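The values are calculated or read from the model by the stated rules, or taken from the named source; none is laboratory data. Only a predicted model underlies this, so the values are computations on that prediction, with no experimental measurement involved. Here the Cβ positions follow ideal geometry from the backbone for every residue, glycine too, while neighbour counts run over all protein chains shown.
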Amino acid sequence: MNGVTGRMGYRQHLLRSILAIREQGGLDLGGGEALWPEPVLVGRREHALREIAERHGLTEWSTDLDAVLADDTIDIYFDAQVTSARVEAIKKAIAAGKHIYTEKPTAADLDGALELARLARDAGIRHGVVQDKIFLPGLLKLKRLIDGGFFGEILSVRGEFGYWVFEGDWQDPQRPSWNYRSEDGGGITVDMFPHWEYVLHELFGRVTTVQAHITTHIPQRWDEQGKPYAATADDAAYGIFELDGGAVAQINSSWTVRVNRDELVEFQVDGTHGSAVAGLRRCRVQHRSATPKPVWNPDLPATESFRDQWQEVPDNAEFDNGFKAQWELFLRHVALGEAYHWDLLAGARGVQLAELGLRSSAEGRRFEVPELSL
């Protein structure tokens, strides 16, 4: 597990996924068998690795990636490093015959992402890319509605994501400074467009065109040492995506927006038979039979609460941590050969969409999104 000293690698992948699987007695494979994951922590900061290992009673950690990859007892290489370091590390892991599981984006550009997918295919290894949003309770409820035909014909998807990330001069920022330097692989487009690609692809249909406006609203921020630096990466991206089947998606992503919604990300889906608003955990619906008839009258105050006219979708199930749920599927894929389609080619689609979004904004054009193949 390379990159577990970072916030996401530690909290979601080590603590809430791998260690959580161990705490439940391993992953039940059926027939009385259980898979017991043994994490080997890898990173550049020896003191941080040692501290994490001691905190959780782990014994295996190293700052020498090459030595770890040479260990024949290790089956899987997981990468949660900064994007700029990811490609070369995964290439080494593929060459060492390891199965690959990685955070996204898988590479800084489409050529690099496709190269990884081809190398993995040719090596005959199993590979997967983290696509956590589709395992969240709110989007699982949304998928339940889609599969049940609730919407009729889906017409449009509207997404709002983001929050105010403090600049760092008078309050500590919530995100590391490299996120705001393009030379270090930062930028909200390369971060979030890969998420939107798989959310749209999995729930509504393949993205066929993209048109985007991408900008840096705050040109100067302060780093972890309190020193000012130029923010060379984008901090807001406004995208319009046409989907296979005719629906249109509009998704705003911003680290310069103050939240006036129920959750940090929300998707409104409108169809001929009904609509839904889904967030990380909640999902609310309004069927056409219960849709009110608002009348536009700017001379009078609103007499009804529009939010109160929506119905909550019940859980009807227990939802596990989304990262853990996907880890379990990937481990079953490696151990049992069960089907798994969130692979490095799927990861390349996300990189492709981010690349085309940046190009769209730079050139002021709408671009078709070609289907990828190896």
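Suppose we keep only residues that are part of a loop (DSSP other than H, G, I, E, B) and in contact (Cβ under 8 Å) with a residue 60 or more places away in the chain within region 150-173. Which one would you say is surrounded by the most Cβ atoms within 10 Å (Cβ to Cβ)?
Narrowing region 150-173 to residues part of a loop (DSSP other than H, G, I, E, B): 150-153, 163, 165-173.
Of the ones still in play, those that are also in contact (Cβ under 8 Å) with a residue 60 or more places away in the chain are 150-153, 163, 165.
Numbers: F150: 19, F151: 23, G152: 11, E153: 10, Y163: 14, V165: 20.
Across region 150-173, the extreme among qualifying residues is F151.
How about region 313-340: which of its residues are in contact with a Leu (Cβ under 8 Å, 6 or more places away or on another chain) and among the aromatic types (F, W, Y)?
Listed by number, the residues that qualify are F319, Y340.
Name the residue that is farthest from V285 (Cα to Cα), counting only residues in region 121-139 that are of a type in the set (A, V, I, L, M, F, W, C) and touching a residue at least 40 places away in the same chain (Cβ under 8 Å). Even if it seems obvious, please write down each step before you answer.
Kept after step one, since they are of a type in the set (A, V, I, L, M, F, W, C), are these residues of region 121-139: 123, 125, 129-130, 134-136, 139.
Now drop any that are not touching a residue at least 40 places away in the same chain (Cβ under 8 Å), which leaves 129-130, 134-136, 139.
Working: V129: 31, V130: 28, I134: 18, F135: 19, L136: 17, L139: 13 Å.
Filtering region 121-139 for residues that are of a type in the set (A, V, I, L, M, F, W, C) and touching a residue at least 40 places away in the same chain (Cβ under 8 Å), the one farthest from V285 (Cα to Cα) comes out as V129.
Check off (1) touching a residue at least 60 places away in the same chain (Cβ under 8 Å); (2) under 24 Å from G128 (Cβ atoms) for D244 and give me the number that stays unchecked.
Of everything listed in (1) touching a residue at least 60 places away in the same chain (Cβ under 8 Å); (2) under 24 Å from G128 (Cβ atoms), D244 misses just condition (1).
Scan region 44-66 and report the pairs whose first residue is among the hydroxyl-bearing types (S, T, Y) and whose second residue is surrounded by fewer than 16 Cβ atoms within 10 Å (Cβ to Cβ) and not in a helix (DSSP H, G or I), with Cβ atoms within less than 8 Å and a gap of 6+ or a chain change.
T63/R44; T63/R45
Among the residues of region 319-366, which ones are among the hydrophobic types (A, V, I, L, M, F, W, C), touching a strand residue (DSSP E or B) at 6+ places or on another chain (Cβ under 6 Å) and not in a helix (DSSP H, G or I)?
The one that is among the hydrophobic types (A, V, I, L, M, F, W, C), touching a strand residue (DSSP E or B) at 6+ places or on another chain (Cβ under 6 Å) and not in a helix (DSSP H, G or I): W342.
Rundown of residues vs (1) surrounded by 20 or more Cβ atoms within 10 Å (Cβ to Cβ); (2) out of contact with any helix residue (DSSP H, G or I) (no Cβ under 8 Å at 6 or more places or on another chain); (3) aromatic (F, W, Y), yes/no style:
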{"residue": "A325", "(1), (2), (3)": "no, no, no"}
{"residue": "R332", "(1), (2), (3)": "no, yes, no"}
{"residue": "E338", "(1), (2), (3)": "no, no, no"}
{"residue": "G347", "(1), (2), (3)": "yes, no, no"}
{"residue": "G357", "(1), (2), (3)": "yes, no, no"}
{"residue": "E368", "(1), (2), (3)": "no, yes, no"}
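Considering only region 251-269, state which residues are surrounded by fewer than 20 Cβ atoms within 10 Å (Cβ to Cβ) and over 18 Å from E202 (Cβ atoms).
N252, T256, V257, R258, V259, N260, R261, D262, E263, L264
Only one residue in I52, I125, I94, I146 is assigned to a helix (DSSP H, G or I), touching a strand residue (DSSP E or B) at 6+ places or on another chain (Cβ under 7 Å), farther than 25 Å from E23 by Cα and among the β-branched types (V, I, T). Which one?
Numbers: I52 fails: farther than 25 Å from E23 by Cα; I125 fails: assigned to a helix (DSSP H, G or I); I146 fails: touching a strand residue (DSSP E or B) at 6+ places or on another chain (Cβ under 7 Å).
Matching residue, one of I52, I125, I94, I146: I94.
Rundown of residues vs (1) over 21 Å from L116 (Cα atoms); (2) among the hydrophobic types (A, V, I, L, M, F, W, C); (3) in a loop (DSSP other than H, G, I, E, B); (4) in the same structural domain as A117 (by TED's automatic domain parsing), yes/no style:
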position	(1), (2), (3), (4)
Q12	yes, no, no, yes
L15	yes, yes, no, yes
L19	yes, yes, no, yes
Q81	no, no, yes, yes
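If the Cβ limit is 7 Å and pairs must be 6+ apart or interchain, which residue in region 256-283 that is touching a residue at least 24 places away in the same chain (Cβ under 8 Å) pairs with which residue that is of a type in the set (S, T, Y)?
V257/Y163; V259/Y163; L264/Y163; Q268/S275; V269/S275; D270/S156
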